[in-house]
Amino acid sequence: MNEIAARLGEVGLPAPVGELAAGTWDAVIVGGGHNGLTSAAYLARAGWRVLVLERRERLGGACTLERPFADQRFQVSPCAYVVGLLDEVVIRELELRRRGYECYVADPNLWVPFEDGTSFGQWLDDARTQAGLEALGVSEKDIAGYWAYEEIFDEIRRRLRTGARDTWIGESPSRAEIEELLHGEQMMLDIVFEASIAEVLDEYLGDQRLKDALFGQGVIAAYGGPRDKGTASIKLMHYQGDLEGQGPVWGYVKGGMGMVSFAIADAAREAGAVLACGVPVAQILPGEGVRLDDGTLIRSRTVVCNADPKVMLRLLAGQDVPADYRDTLEAWKIRSPVVKFNAALRGLPEWTAAPGERWPAHATIDVTGGLDAAQRAFESCERGEPAVAFGEIYLQTGYDPSSAPDGHHLLSVFGQYAPYDLAKGTWETRRGEVKRQFIDLIGRFAPGFENLIEACEVLGPPDIEARIGLTGGNIFQGEVTPDQMWRHRLTPRTPVQGLYLCGAATHPGGSVIALNGRNAAHAVLADTAP
């Protein structure tokens, strides 16, 4: 384990702030999330003198590790939870495996229990998935429809990422270029640009159980329900990875998701980047550098911002920002319905649909009342009422017992739907109610779950905003429906002198990808090449 990982990213100050201000920097990175660290690593490897300034006490942003419970032996990934889109190019170029990055591919990759005691499982072994569908009594037509549904997303992935070009690297292709790569096939184009996840499921499946099991991949972090336009593209974004050469699957990072950021930070530091925590930036001064909260000026010809666009706009207050760009940032949509539930457990849940089995602890598990219930929950969210009707569960300790005391376990849930602004009360007064919604939802499929809880935390959108610094609590730094993807996603280059963006708001999108940071660094280097 590298030294940064051993300290869970709490690297402190490498020198007094005055010494940092006296230094000569080619680039200052505002924010030490995984994309900022990635940019820092690539710029430092190119010989640049790079300083990373992180306002929090630890590196990693939303992809970090914390110890939120009284028992400090529980080591939690508070926001990012599984790996699947971290790009192999970055893993290879920054030698992340040598720096401690290791993952276990979840198997089943998706498991969805039903209230009648049956379940749906996507296993790494297709034959086992097929056998499960047959045991569930799914018709031959719907089994064929299921495989065709999975195949069309995989075929889009292959065409967009492994064809004439990898469209996630560098600038986004235009719509015309995407249409050409997809050979003008209407269903594929609808998935990329228009359709709801419900519409695509209806196209391929008649069995409501399968629709209820599969819709969740189209609403992850979406401010919308499964019947809302554009949600199919959210599943597509999450289906663009190739984890460990096994395609679009998900895995658990040994030690927790923060180990990704800490490995990248190690690469940046080894290349010569200087990493500083507990250093809030108050202003971005184009052409000069940044000013810290304490008034210190740190000079740099280039500033790369890993903060979200709303934060960047605030840091540019009083500066000359072109009106059309300011309008774009002000109009950038950052609504989030996501609420996290993290729990320390005294044992593993017992699932009605898998009695006596340990393998659910190796899965990613979706618990839901179904597609229509999720749509109603989103409509409640829009009215300001929390309604947790979908939860994606991961049990870090199923593969990685080191994250908890012996015999104990960690469970986290990525839940929806809960609004930033509540119609009645506040998050402080209603947090217990939302906690109860999580416990009741899981308890429908794992009776006795509540009795396993030793400690837990509930993080609503305002809590994620306060803790991580993501405006609106949006983990993707902006919504990822088609109107904010591809050419509509923000670009690393800004019209402000010497200022670049490298975070999840840029192409190719949200999640732990790291190509955003790499793309930004390559843009900087291209623009400053002699």
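The values are calculated or read from the model by the stated rules, or taken from the named source; none is laboratory data. Values in this document were obtained by computation on a predicted structure and should not be read as measured data. Cβ: placed from backbone, ideal geometry, glycine included. Neighbour counts: every protein chain shown. The accessibility values were calculated without ligands, DNA or RNA, using every heavy atom of the protein model including side chains. Shrake-Rupley method; radii C 1.70, N 1.55, O 1.52, S 1.80 Å.
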* List the pair-distance distribution P(r) of the stretch 227-291, using every Cα-Cα distance, as the percent of pairs falling in each 10 Å bin from 0 up to the bin containing the longest distance, rounded to whole percents. => 15, 23, 27, 27, 7
* Structure fact -> Placing each pseudo-label 7 Å from Cα in the direction of the beta carbon, ARG73 and ARG314 end up separated by a distance in nanometres of 3.9 nm
* Asked: Under 5 Å between amide H atoms, partner at least 5 residues away or on a different chain: which partners does ILE29 have, H built in plane at 1.01 Å?
  -> LEU51, VAL52, LEU53, VAL304
* Structure fact -> Expressed in nanometres to one decimal, the distance between label points 7 Å along Cα→Cβ at GLU194 and GLU330 is 3.3 nm
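If you rank ASP116, ASP463 by how much accessible surface each has, with a 1.4 Å probe, what is the order from largest down? Intermediate values should be presented prior to the final figure.
On the way: ASP116 110, ASP463 30 Å².
Listed by decreasing accessible area, they come as ASP116, ASP463.
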* Asked: Where does each of 360-367, 150-157, 505-512 land if you order them by average Cβ count within 10 Å, highest first?
  -> 505-512, 360-367, 150-157
* Asked: Across 5 Å bins from 0, what is the distribution of all Cα-Cα pair distances for the stretch 343-395, in whole percents?
  -> 4, 17, 20, 19, 15, 13, 9, 3, 0
* Asked: With every protein chain present, what accessible area does ILE475 have (1.4 Å probe, heavy atoms only), rounded to the nearest 10 Å²?
  -> 40 Å²
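Cross-link list LYS235/LYS333; LYS229/LYS333; LYS211/LYS235; LYS211/LYS435; LYS333/LYS435: which exceed 22 angstrom alpha carbon to alpha carbon? It would help to have the intermediate numbers written out before the result.
Numbers: LYS235/LYS333 19 Å; LYS229/LYS333 16 Å; LYS211/LYS235 13 Å; LYS211/LYS435 27 Å; LYS333/LYS435 27 Å.
The answer is LYS211/LYS435; LYS333/LYS435.
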* Asked: Averaged per residue, what accessible surface does the stretch 311-451 expose to a 1.4 Å probe, in Å²?
  -> 39 Å²
* Structure fact -> Cα pairs beyond 27 Å in the stretch 75-211, in percent, come to 39 percent
* Structure fact -> Heavy-atom accessible area of the chain with neighbours in place, 1.4 angstrom probe: carbon+sulfur share in percent works out to 48 percent
* Accessible surface of ARG430 - all protein chains present, 1.4 Å probe, nearest 10 Å² -> 30 Å²
* List every residue whose amide H lies under 5 Å from the amide H of VAL388, counting only residues 5 or more places away in sequence or on a different chain, with H placed 1.01 Å from N in the peptide plane. => TYR417
* Structure fact -> Here the percent of antiparallel bridges among DSSP beta bridges lying wholly in the chain, to the nearest 5, is 70 percent
* Hey, with R₀ at 22 Å, roughly what FRET efficiency would ALA526 and THR491 work out to, going by the Cβ-Cβ distance, to 0.05? -> 0.95
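Lys and Arg at +1, Asp and Glu at -1: add these up for the other residues within a Cβ distance under 14 Å of GLU288 and post the number. List each step's numbers first, then the result.
Working: positive: ARG291, ARG299, ARG301; negative: ASP26, ASP320.
Local net charge: +1.
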* Count charges around PRO482 for me, please; just the other residues with Cβ under 14 Å from its Cβ, Lys/Arg as +1, Asp/Glu as -1. => -1
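Short version: what are the Cα gyration tensor semi-axes of the chain, square root of 5 times each eigenvalue, largest first, in whole Å? Could the numbers behind the result be given before it?
Values: eigenvalues 265, 138, 95 Å².
Working through the eigenvalues yields semi-axes of 36, 26, 22 Å.
Under the rule of -39500 (n - 2.57) per DSSP H run of 4 or more residues, summed and divided by the residues of the chain, what mean residue ellipticity at 222 nm is obtained, to the nearest 500 deg cm²/dmol?
Numbers: 18 runs with 177 residues, N = 530.
Value at 222 nm, helices only, nearest 500: -9500 deg cm²/dmol.
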* Asked: Taking Cα centroids, how far is the stretch 91-116 from the stretch 53-73 in Å?
  -> 21 Å
* Phi to ³J(HN,Hα) by Karplus 6.51 cos²θ - 1.76 cosθ + 1.60 over the stretch 451-457, Hz, x for Gly, Pro -> 5, 8, 6, 8, 7, 7, 9
* To do: Take the alpha carbon atoms of the stretch 204-244, find their center, do the same for the stretch 503-527, and report the distance between the two centers in whole angstrom.
  => 24 Å
